[in-house]
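Report on the following structure.
The values are calculated or read from the model by the stated rules, or taken from the named source; none is laboratory data. Note that this is a predicted model, so its numbers are computed, not measured. Counting neighbours? That spans all protein chains shown, and the Cβs are built from the backbone with ideal geometry, glycine included.
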Amino acid sequence: MMLDARLTGDRPIVDAPAALADSPLAIRGLTVAYGGKPAVTSVDVTFRPGRMSAIIGPNGAGKSTLLKAALGIERPVSGTVTCWGKPLARQLARIAYVPQRASVDWDFPTRALDVVLMGLYRELGLLRRVRPAHRETAMACLSRVGMQDLADRQIGQLSGGQQQRVFLARALAQGADLYLLDEPFAGVDAATEKAIIGVLKSLKSEGRTVIAVHHDLSTVAEYFDRVFLMNTRAIAEGPVATAFTADTLHAAYDGRLASTLPGLSNGTPHAE
Amino acid sequence: MLSDALTLQLGYNAALVAVGAGLLGMAAGAVGTFLFLGKRALVSDAVSHATLPGIALAFMVMVVFGGDGRALPGLLLGAALSAGLGLLCVSWLSARTRLGEDAAIGAVLSVFFGAGVVLLTVIQTLGSGRQAGLETFLLGATAGMVRADALVIAIGGALVLALALLLRRPMLMVAFDPGYATAQGMNVRRIELAMMGLAMAITVVGLKIVGLILIVALLIVPPVAARFWSDRSGVVIALAGGIGGISGYGGAAISATAPGLPTGPIIVLLATAIFALSLLAAPRRGVLAIALRRRKVQA
């Protein structure tokens, strides 16, 4: 593969594109700007169904912004987002979002179980009463992340890792087909990281799609099937073995990082 | 005398005013909880100050057309229109310019209030002689309130309360996690505007009793006091409604016992007293409870 030539040519490395109608998240020409400064620049990426993909890139690369724009939380300057071949707005019921933990005020007067119940909003609507069946669903989701004993805790009294698991449980309650997670492992304890990756892998084994913004390069190969590297622009997308290499990392991190990662040499995949 | 007032023995009008103020207080406390939890408390301050030019302009228009400049429905309509304009200005400035919401609030509050004061001065120099009473909208006054006014306030308060309860689920979700609410398909901007619209309705309905300067206290003090007592949003909303209701009812009753007792300030003082009690004595989050815990840890 002529990686270098393609990278210097400013063209992203991509696999043969997945069929658009199958892709749970296909982004075309997406540009997002903050105060005139582009955070995401004409990104094209097509995520594969039923896989676990990591979105990787340096700080300020626009990873979270890409996720938010894909969900309609940030308004893009241009570009389209389609999910399973249809516009995003018509597929939101099949998508669950796990925001960054730091994005909310954890002193909010609410219990872990109430947060999970928010995941059932589409079912509850404005006025439907919360019934025992809804509570059971929410409890089952808390159990799945190992939090069933803390359901009645005010969320501010939970540790960071426990808060992250509550967020994941809320997403699970939606019963979605696509899970978008913004740095689910940031600042969590080892037990939580293990619990979360266990749940994500079980989602994948059920045929669901998981896409996560991920920071820890050392766990990419262990946790994910595919990577999407970006630094404002798309750099590479593909299986870990071909898209997560010294070359692509060098391109994404402007050469600041690749040399510090052990086991990476030019053109050699990070993991086999 | 006070017990007469509290048990509605001071006559039909005073009783109606007290009930109206109680309903207004309940609605204000409940609506204020969503503002407080969504960290938008001060937007209501801008909105309430933005009512003043509307009041003055409505007075002028009604006088020009030969009507009674002090007709409450007309004044409230003017207040609502200019408050709505102020709300849109805050919303537009913080969404479409690089100004933060705090700066937008400061700008809108002072510009609208300043314009209102200028218009009031103009009205005074016009010598139509009938402006008497417009300045009572600053701090509220129940003296000279007629039955129809009290009914407007009671019905308005009840209506806002019902709407707030109807929209509580989306408003809480937006207050807690607007990003997630958007991803769930909610129109966050519209829900926030609805929340602000309810606060605006409280302001307009409460103009006569509490006045535009102090209404923000009735929106914010009850939820802040209620937050000390519970970690559950439903309970906080109910408690804030209760605290607001007691303050409104009690304050109106107390001010009815003697001439010259300003209703708005007494309502707010009552709410503040409940806040002070909560701050000190609440079981887990109160100052005393925290001090006791600290001593236990040190011992």
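Annotations
- B:THR142 meets each of the listed conditions (1) in contact with an Asp or Glu (Cβ under 7 Å, 6 or more places away or on another chain); (2) of a type outside the set (A, V, I, L, M, F, W, C); (3) outside any helix (DSSP H, G or I) apart from (1).
Each row is one residue, and each column tells you yes or no for (1) under 25 Å from the mean Cα position of the chain (by Cα); (2) not hydrophobic (A, V, I, L, M, F, W, C).
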| position | (1), (2) |
| --- | --- |
| A:ALA112 | yes, no |
| A:GLN148 | yes, yes |
| A:GLN154 | no, yes |
| A:GLY160 | yes, yes |
| A:LEU168 | yes, no |
| A:ALA173 | yes, no |
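- The lone criterion from (1) within 8 Å of another protein chain (Cβ to nearest Cβ); (2) surrounded by fewer than 21 Cβ atoms within 10 Å (Cβ to Cβ) left unmet by B:PRO170 is number (2).
- A:ILE56 being at the interface with chain B (Cβ under 10 Å from one of its Cβ atoms) and among the aliphatic types (A, V, I, L, M): no
- Of the candidates A:ILE95, A:ILE155, A:ILE73, the single residue that is closer than 21 Å to A:ALA173 by Cβ and at pLDDT below 95 is A:ILE73.
- Flag if B:GLU192 is within 14 Å of B:VAL47 (Cβ to Cβ), charged (D, E, K, R) and surrounded by fewer than 24 Cβ atoms within 10 Å (Cβ to Cβ): yes
- Checking B:GLY11 against (1) modelled with pLDDT of 90 or more; (2) over 13 Å from B:GLY206 (Cβ atoms), the condition it does not meet: (1)
- Selection count where residues are surrounded by fewer than 22 Cβ atoms within 10 Å (Cβ to Cβ) and touching a Lys or Arg at 6+ places or on another chain (Cβ under 9 Å), scope the stretch B:37-68: 3
- Matching helices (runs of 4 or more DSSP H) fully within the stretch A:98-181 where at least 2 residues are buried (at least 22 other Cβ atoms within 10 Å of the Cβ) and touching a residue at least 12 places away in the same chain (Cβ under 8 Å): A:112-118, A:132-144, A:160-173
- Test: B:VAL221 is part of a helix (DSSP H, G or I), under 30 Å from B:PHE137 (Cα atoms) and of a type outside the set (Phe, Trp, Tyr): yes
- Looking at B:ILE237, B:ILE215, B:ILE243, B:ILE220, just one residue is of a type in the set (A, V, I, L, M), at the interface with chain A (Cβ under 10 Å from one of its Cβ atoms) and touching a residue at least 24 places away in the same chain (Cβ under 8 Å), and that residue is B:ILE237.
- Residue in the stretch B:50-61 that is farther than 22 Å from B:LEU139 by Cα and without any contact (Cβ under 8 Å) to a residue 24 or more places away in the chain present: yes
- Answer residue from the stretch B:223-234, given it is buried (at least 23 other Cβ atoms within 10 Å of the Cβ) and of a type in the set (A, V, I, L, M, F, W, C) and is farthest from the other protein chains (Cβ to nearest Cβ) among those: B:ALA225
- Check on B:VAL118, surrounded by fewer than 18 Cβ atoms within 10 Å (Cβ to Cβ) and at pLDDT 90 or above: yes
- Restricting B:PHE113, B:PHE65 to residues that are hydrophobic (A, V, I, L, M, F, W, C), closer than 30 Å to B:GLY22 by Cβ and out of contact with any Cys (no Cβ under 8 Å at 6 or more places or on another chain) narrows the list to B:PHE113.
- Of the residues examined, B:ARG190 is not one that is assigned to a helix (DSSP H, G or I), among the basic types (Lys, Arg), within 12 Å of chain A (Cβ to nearest Cβ) and without any contact (Cβ under 8 Å) to a residue 24 or more places away in the chain.
- With respect to the stated conditions, B:SER110 fails to be within 14 Å of chain A (Cβ to nearest Cβ) and part of a helix (DSSP H, G or I).
- From the list B:ALA238, B:ALA258, the lone residue that is surrounded by fewer than 24 Cβ atoms within 10 Å (Cβ to Cβ) and part of a loop (DSSP other than H, G, I, E, B) is B:ALA258.
- For the stretch A:85-97, the set of residues classified as under 16 Å from the mean Cα position of the chain (by Cα) and in contact (Cβ under 8 Å) with a residue 60 or more places away in the chain consists of A:ARG94, A:ILE95, A:ALA96, A:TYR97, listed by residue number.
- Of the residues making up the stretch A:74-87, those that are in contact with a strand residue (DSSP E or B) (Cβ under 9 Å, 6 or more places away or on another chain) and either in a strand (DSSP E or B) or at the interface with chain B (Cβ under 10 Å from one of its Cβ atoms) (or both) number 8.
- Among the residues listed as B:LEU159, B:LEU134, B:LEU93, the single one being buried (at least 16 other Cβ atoms within 10 Å of the Cβ), of a type in the set (A, V, I, L, M) and assigned to a helix (DSSP H, G or I): B:LEU93
- Odd one out for A:SER143 among (1) at pLDDT 95 or above; (2) on the phi > 0 side of the Ramachandran plot: (2)
- Annotation: B:THR33 fulfils all but one of (1) surrounded by fewer than 19 Cβ atoms within 10 Å (Cβ to Cβ); (2) more than 20 Å from B:ILE209 (Cα to Cα); the unmet one is (1).
- When residues of the stretch A:22-40 are limited to those that are in contact (Cβ under 8 Å) with a residue 60 or more places away in the chain and surrounded by fewer than 18 Cβ atoms within 10 Å (Cβ to Cβ), the one farthest from A:VAL210 (Cα to Cα): A:PRO38
- Within the stretch B:36-84, considering residues that are outside any helix (DSSP H, G or I) and more than 18 Å from the chain's Cα centre (by Cα), the one modelled with the highest pLDDT: B:PHE65
- In the stretch A:61-72, the qualifying residues are those that are closer than 15 Å to A:ILE211 by Cβ and not in a helix (DSSP H, G or I), and the one that is farthest from the other protein chains (Cβ to nearest Cβ) is A:GLY62.
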